[in-house]
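Worksheet for the structure shown next.
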Number of protein chains: 2
Amino acid sequence: MPAEPLSRPRIVAAAIDLIEREGADAVSMRRIAADLGVGVMSLYNHVPSKSALLDGVAEAVLSQIEFTDDPDAEWTDRVRMQARAFRQIAHHYPRCTMVVVSRQLNSTAGLLPVERALSTLRDAGFGGREAVRVLRVFIAYIVGSLLREVGVTPTFAPVHRPDIAVADADPLLFPQVSGLAGPLADCDHEAEFEFGLEMLIQAVAVQLKPYG
Amino acid sequence: MPAEPLSRPRIVAAAIDLIEREGADAVSMRRIAADLGVGVMSLYNHVPSKSALLDGVAEAVLSQIEFTDDPDAEWTDRVRMQARAFRQIAHHYPRCTMVVVSRQLNSTAGLLPVERALSTLRDAGFGGREAVRVLRVFIAYIVGSLLREVGVTPTFAPVHRPDIAVADADPLLFPQVSGLAGPLADCDHEAEFEFGLEMLIQAVAVQLKPYG
DNA sequence: CAAGTGTACGTACGGTGTACGTCCCTGGAG
DNA sequence: CTCCAGGGACGTACACCGTACGTACACTTG
């Protein structure tokens, strides 16, 4: 009768499903067990704690990044691709994004993107320390963008809600905000992401000049 | 005997204290009530829910940003100042940062920095839509940086821990990572922040050229 | 004085993570 | 075959959580 014999991957997958369907707040060991048709404590035979389970979620999501890195391509294109690959998973697992980002990930799943990025930057001509610095800037921008996209950080357009944040701003206290209510309210996430990404790449290119 | 008569600000302050002392996970209504020497349910006379209390924490922290904006200064300097002011609160309330960032803040405390920033960018010569776009890039970068600084996003140097993330990386699988273990492990947050900030400001300045 | 109002509080309910002990099912040894 | 050891599934139990509800008391107002 037990079609599949319960395992860590199956539990992690159930957790991801649950998060995507009902949000991270809905996650509880009891709920996951129920979704799997299994007793609560059975989970602990495969997962040491809820925290470890969420680590597993982060790792699983992160390891699904599709990297199609072409070492012969222009470094700017490689950076673009890697940044987009990162963003893609946030688009694929929106409600998991916060979980992934807010977890200290020490696994290889977290290290591989770093390795690729450093490789790309060093190929581009950066020294070790410079590559690390530049990478940190990119990570900060990408993480910040994903958080906005996922709705945790303000777009100023409350997610799928009649706009309350900006529309009722007092025009006398906040002339700019209320004057720009329109642009502030709607946000083409992809376009915004690309806009900032291009700005960063171009800025990085300038940094690179002196070393060329 | 009740020295002070219990109020929303007092409760919020207690919550902030608790978060800074023991982390956001330690926050519970019971715990806050105990710290205030008060019954649990008394809190609900001043705060509708725990969620609202955390909103209050976010608002309180955010409203302590010190803005010393000089409208006559160069716009680059104004942007620098505002970005640093934002970062300063994360430095002052490190454990609260995640709470602040992860909360959709629709209060005036959240709108005021936006107003100032838009004002600065428009003074610099940006149109409305462009100002919003540029602002979003800055916010993404700042938020991402603060998260790294606070330790939620990887510095690759696990906060106050013997470095485990990077040191034991397999040199064959991750040559870059293990080769750059040193630079990856230590991170001068202020220098990193400033480095990326300057890159962004310069990139924005380039964006501005065509409109000048 | 009486009535009304708002704050503090205790109790109680349904939920959480998980430590612990018990069952049963399997696989190998004799 | 029997017998036994090991491991996975499970139920119970505990401490803690957020908060709905009812009560008791201090105060203002008439």
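The values are calculated or read from the model by the stated rules, or taken from the named source; none is laboratory data. As the structure is a prediction and not an experimental result, all values here were calculated from the model. Counting neighbours? That spans all protein chains shown, and the Cβs are built from the backbone with ideal geometry, glycine included. All accessible areas refer to the heavy atoms of the entire protein, side chains included, with ligands and DNA or RNA removed. Shrake-Rupley method; radii C 1.70, N 1.55, O 1.52, S 1.80 Å.
General observations
- Under Karplus coefficients 6.51, -1.76 and 1.60, residue-wise ³J(HN,Hα) of the stretch A:82-97 in Hz, glycine/proline x: 5, 4, 5, 4, 4, 5, 4, 5, 5, 6, 7, 10, x, 6, 7, 4
- For the protein assembly as shown, the solvent-accessible area works out to 48 Å² per residue, with a probe of 1.4 Å and every protein chain left in place.
- Across all Cα pairs in chain A, the calculated P(r) in 5 Å bins from zero up to the longest distance comes to 1, 6, 13, 15, 14, 13, 11, 10, 8, 5, 2, 1, 0, 0 percent per bin.
- Highest GNM mean-square fluctuation among B:Gly182, B:Gly110, B:Gly23, for chain B modelled with Cα contacts below 10 Å: B:Gly182.
- Cross-link reach list, lysines versus B:Lys50, counting only Cα pairs under 26 Å and skipping chain neighbours closer than eight places: A:Lys50
- Accessible-area value, A:Tyr93, 1.4 Å probe, nucleic acids and ligands omitted, Å²: 40 Å²
- Starting from the label point of A:Glu198 at 7 Å along Cα→Cβ, the same points in the other copies fall at 2.6 nm, in ascending order.
- Across peptide B:174-185, the average count of Cβ atoms from other chains found within 10 Å of a residue's Cβ is 6.
- For A:Leu172, label point 7 Å along C-beta direction: distances to other copies, nm: 7.3
- Residue with peak Gaussian network fluctuation, chain A [Cα springs, cutoff 10 Å], from A:Ser51, A:Ser107, A:Ser145: A:Ser51
- Over 17 Å [Cα-Cα, the stretch A:8-47], rounded percent: 17 percent
- Position B:Glu66, label points 7 Å along Cα→Cβ, spacing to each other copy in nm (shortest first, one decimal): 5.0
- The lysines within cross-link reach of A:Lys209, meaning a Cα-to-Cα straight distance under 25 Å and a gap of 8 or more places when in the same chain, are B:Lys209.
- 3J(HN,Hα) from dihedral phi, the stretch A:45-55, Karplus parametrisation 6.51/-1.76/1.60, rounded to Hz, x for glycine, proline: 6, 10, 9, x, 6, 4, 4, 5, 4, 5, 4
- Solvent-free Debye calculation, one equal scatterer per alpha-carbon of the protein assembly as shown: log10 I(q)/I(0) at 0.09, 0.13 Å⁻¹ equals -0.61, -1.25.
- Segment A:Asp35..A:Asp170, full-extension length gain: 43.9 nm, with 0.36 nm per residue of separation and the alpha-carbon distance subtracted.
- Compared with the alpha-carbon gap, the fully stretched path from A:Ser107 to A:Ser42 is longer by 20.9 nm at 0.36 nm per residue.
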